[in-house]
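Comments concern the structure below.
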Amino acid sequence: MSEREVAYALVGGGLAGLNCARWLREGGADGTVLLIGREPDLPYDRSLCSKSYLRGETPREETLLRDAAWFAEQQVEALVRVSATALDLQTRTLTLSTGDRVRFGKALLATGANVRRLNVAGSGLDGIHYLRTLGNSDSIRDDAGGKRVVLIGGSYLGCEVAASLTELGSICTIVMQEDVTLSRGFGESAGRFFQSRLAEHGITVHGGDELERFEGSGGRVTRVVTAGGLELDADAVVVGAGAVPDLTLARAAGLQVGPGGGVVVDQCLQTPADGVYAAGDIAEYRSVVHDGDAIRIEHWDVAFSQGRTVARNMLGEDAPHDVVPYFFSDLSDWASLEYVGPARKWDREVVRGSIEDGEFCILYLNGGRLVAALSVGRGEDLAQARRLIAEGGVLPAPADELASADLSA
Ligand SMILES: Cc1cc2nc3c(=O)[nH]c(=O)nc-3n(C[C@H](O)[C@H](O)[C@H](O)COP(=O)(O)OP(=O)(O)OC[C@H]3O[C@@H](n4cnc5c(N)ncnc54)[C@H](O)[C@@H]3O)c2cc1C
């Protein structure tokens with residue numbers, strides 16, 4: 001057990017933590033940077049766990065956001081398999097699972113999220129998987145590849161995993177509460193497009209239904225029974241029922257948790273404790289592009305960009321986090337979506353291009369303002385939409401003309 005002092009303590013070896021370390025160094029920080037992560041790997045690209053890593057196309061070492069040589073070169077000390085177990089805001093000290101105590105000048109909490117577990121009859125059977133880590137992805141590939149798999153949940157995670165497993169020869173069926181895949185975030189027009197791509201590749205989708213229980217034999221899952229009365233044979237199950245921000249450390253330290261279920265931070269991503277920041281999946285911030293409303297967003301690019309904003313502010317800037325959130329998702333190489341938003345509500349959708357032809361951009365309007373956009377193969381439209389949202393969402397043309405208007409005007 002030791003006591004030590006560091007300039008910057010970054011808790012959470014994920015994307016937000018890593019990117020904060022990177023931008024601290026790029027911004028000229030010369031004090032000690034300590035990144036504390038409880039997973040066995042150096043920070044890696046979690047988004048690959050449902051995509052190319054699951055399909056076995058990307059080797060484990062290529063998922064790393066930075067390799068060991070970078071950490072050595074940049075003098076960023078990265079601990080793996082180590083948790084921060086307590087945070088004392090008075091003494092500005094972290095206690096680690098090793099028993100060591102670390103006094104810090106500035107700290108970032110970027111503890112990410114854990115999967116939301118379902119508690120129904122049969123939940124403890126073998127063969128029921130959740131996905132958050134590389135290790136989970138390995139288990140799913142080994143256990144579900146080439147088999148009959150039922151996916152619970154029709155959000156992007158369930159759809160991506162269904163696509164990847166189908167590429168591995170699995171027969172996939174999705175069960176979900178919503179009528180159309182991906183419709184909760186992106187609406188039914190976009191959702192139907194992605195659902196049709198899944199159907200074209202042999203994936204069966206049961207919408208408007210939900211899991212009732214799992215049945216098994218010899219301790220292993222064999223069937224999924226739904227509230228609607230379906231009985232689906234399954235050799236394996238993957239549950240994609242959302243994620244829950246990991247607030248264990250923040251709560252115990254007495255930091256405020258907001259209505260969105262995240263650590264409350266100001267526009268500069270600082271908590272009420274001076275020099276203590278939060279970023280990524282756990283941060284609930286007053287977004288400048290959401291009318292100043294508090295929002296918590298679980299997107300790759302949000303963790304990425306917030307890590308950078310925190311670094312800038314740790315280095316003495318007073319930089320509000322004003323990045324328009326960006327999201328991407330791939331259904332294998334069948335379809336890729338990019339999205340800026342998120343819109344919590346919208347009253348009109350305008351389609352540019354053609355959904356039937358698989359090249360389109362949907363503009364989401366609310367009260368006559370642009371609040372979000374989704375693109376499949378129309379990156380320029382998305383870039384313009386992102387700029388317009390950042391500028392307040394004023395439409396460049398009357399809504400009726402937006403389908404063909406010049407968005408750069
Ligand atoms: C399978 C999958 C696919 C995804 N695909 C996409 C996608 O296509 N597009 C997209 O926009 N987003 C995607 N996401 C979401 C995106 O990956 C996350 O929003 C992003 O990784 C969040 O980064 P983070 O740094 O906040 O948290 P995380 O990546 O969760 O990292 C937090 C880390 O902190 C560690 N930790 C927690 N508590 C402690 C502690 N007390 N001490 C030490 N370490 C701790 C955790 O173990 C974890 O390693 C995906 C997520 C998953 C799970």
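The values are calculated or read from the model by the stated rules, or taken from the named source; none is laboratory data. The shown structure was predicted, so the numbers you read here are calculated from the model rather than taken from an experiment. Cβ atoms come from the backbone with ideal geometry, glycine included; neighbour counts cover every protein chain shown. All accessible areas refer to the heavy atoms of the entire protein, side chains included, with ligands and DNA or RNA removed. Shrake-Rupley method; radii C 1.70, N 1.55, O 1.52, S 1.80 Å.
Restricting attention to the stretch 258-282, report how many residues are within 16 Å of the ligand (Cβ to nearest atom) and without any contact (Cβ under 8 Å) to a residue 24 or more places away in the chain.
Total meeting the criteria: 1.
Test VAL376 against the stated conditions and say whether it is of a type in the set (Val, Ile, Thr), touching a residue at least 60 places away in the same chain (Cβ under 8 Å) and within 20 Å of ALA303 (Cβ to Cβ).
no
How many residues does the stretch 98-130 hold that are more than 12 Å from the ligand (Cβ to nearest atom), over 30 Å from ILE140 (Cβ atoms) and surrounded by fewer than 21 Cβ atoms within 10 Å (Cβ to Cβ)?
Result for the stretch 98-130: 5.
Find the helices (runs of 4 or more DSSP H) located wholly in the stretch 100-219 whose residues include 2 or more that are farther than 30 Å from VAL6 by Cβ, more than 20 Å from the chain's Cα centre (by Cα) and of a type in the set (Asp, Glu), and list them.
Filter on the stretch 100-219 gives 134-144, 183-200.
For SER329, only one of the following conditions fails: (1) within 13 Å of the ligand (Cβ to nearest atom); (2) open to solvent by 20 Å² or more (accessible area, probe 1.4 Å). What is its number?
Checking SER329 against (1) within 13 Å of the ligand (Cβ to nearest atom); (2) open to solvent by 20 Å² or more (accessible area, probe 1.4 Å), the one that fails is (2).
With in contact (Cβ under 8 Å) with a residue 60 or more places away in the chain and either at positive phi or open to solvent by less than 70 Å² (accessible area, probe 1.4 Å) (or both) as the only criterion, which of LEU89, LEU42, LEU64 stands out? Talk me through it step by step, then tell me what you get.
Working: LEU42 fails: in contact (Cβ under 8 Å) with a residue 60 or more places away in the chain; LEU64 fails: in contact (Cβ under 8 Å) with a residue 60 or more places away in the chain.
When all the criteria are applied, what remains is LEU89.
State which residue is farthest from ALA72 (Cα to Cα) when the search covers only the stretch 1-13 and only residues that are surrounded by fewer than 18 Cβ atoms within 10 Å (Cβ to Cβ) and modelled with pLDDT of 95 or more.
Only one residue fits best here, namely GLU3.
Kindly indicate whether any position in the stretch 294-317 is in a loop (DSSP other than H, G, I, E, B), more than 15 Å from the ligand (Cβ to nearest atom) and touching a Lys or Arg at 6+ places or on another chain (Cβ under 8 Å).
Taking every residue of the stretch 294-317 in turn, none turns out to be in a loop (DSSP other than H, G, I, E, B), more than 15 Å from the ligand (Cβ to nearest atom) and touching a Lys or Arg at 6+ places or on another chain (Cβ under 8 Å).
Just give me the residues in the stretch 192-224 being open to solvent by less than 50 Å² (accessible area, probe 1.4 Å) and of a type in the set (S, T, N, Q), in sequence order.
Hits for the stretch 192-224 are GLN195, SER196.
Answer yes or no as to whether GLY37 is farther than 19 Å from LEU131 by Cβ, touching a residue at least 24 places away in the same chain (Cβ under 8 Å), within 16 Å of the ligand (Cβ to nearest atom) and under 20 Å from the mean Cα position of the chain (by Cα).
Taking the combined requirement at face value, the residue does not satisfy it.
Would you mind stating whether LEU18 is within 23 Å of ILE282 (Cα to Cα), over 25 Å from the mean Cα position of the chain (by Cα), near the ligand (Cβ under 10 Å from one of its atoms) and not small (Gly, Ala, Ser)?
Numbers: within 23 Å of ILE282 (Cα to Cα): yes; over 25 Å from the mean Cα position of the chain (by Cα): no; near the ligand (Cβ under 10 Å from one of its atoms): yes; not small (Gly, Ala, Ser): yes.
Against the criterion (within 23 Å of ILE282 (Cα to Cα), over 25 Å from the mean Cα position of the chain (by Cα), near the ligand (Cβ under 10 Å from one of its atoms) and not small (Gly, Ala, Ser)), LEU18 does not qualify.
State whether one or more residues within the stretch 67-77 are open to solvent by 40 Å² or more (accessible area, probe 1.4 Å), within 15 Å of the ligand (Cβ to nearest atom), closer than 22 Å to THR133 by Cα and not basic (Lys, Arg). Spell out the reasoning first.
So the first thing to find is which residues in the stretch 67-77 are open to solvent by 40 Å² or more (accessible area, probe 1.4 Å), and the list is 67-69, 72-75, 77.
If we keep only those that are within 15 Å of the ligand (Cβ to nearest atom) as well, we get 77.
Add one more test, that the residue is closer than 22 Å to THR133 by Cα, and what stays is 77.
Narrowing further to those that are not basic (Lys, Arg): 77.
Scanning the stretch 67-77 turns up at least one residue that is open to solvent by 40 Å² or more (accessible area, probe 1.4 Å), within 15 Å of the ligand (Cβ to nearest atom), closer than 22 Å to THR133 by Cα and not basic (Lys, Arg).
Residue check, GLU210 against (1) within 30 Å of ILE282 (Cβ to Cβ); (2) touching a Leu at 6+ places or on another chain (Cβ under 9 Å), all met but one. Which one?
(2)
For the structure I just gave you, tell me whether THR95 is out of contact with any helix residue (DSSP H, G or I) (no Cβ under 6 Å at 6 or more places or on another chain), within 14 Å of the ligand (Cβ to nearest atom) and free of Cβ contacts under 8 Å to residues at least 40 places away in the same chain.
Yes.
I'd like the full set of residues that are of a type in the set (A, V, I, L, M) and out of contact with any strand residue (DSSP E or B) (no Cβ under 8 Å at 6 or more places or on another chain), limited to the stretch 14-73.
Going residue by residue through the stretch 14-73, those that are of a type in the set (A, V, I, L, M) are 15-16, 18, 21, 24, 29, 33-36, 42, 48, 54, 64-65, 68-69, 72.
Result: LEU15, LEU48, LEU54, ALA68, ALA69, ALA72.
Can you tell me how many residues in the stretch 14-38 are under 14 Å from SER83 (Cα atoms) and open to solvent by less than 40 Å² (accessible area, probe 1.4 Å)?
Summing the residues that are under 14 Å from SER83 (Cα atoms) and open to solvent by less than 40 Å² (accessible area, probe 1.4 Å) in the stretch 14-38 gives 6.
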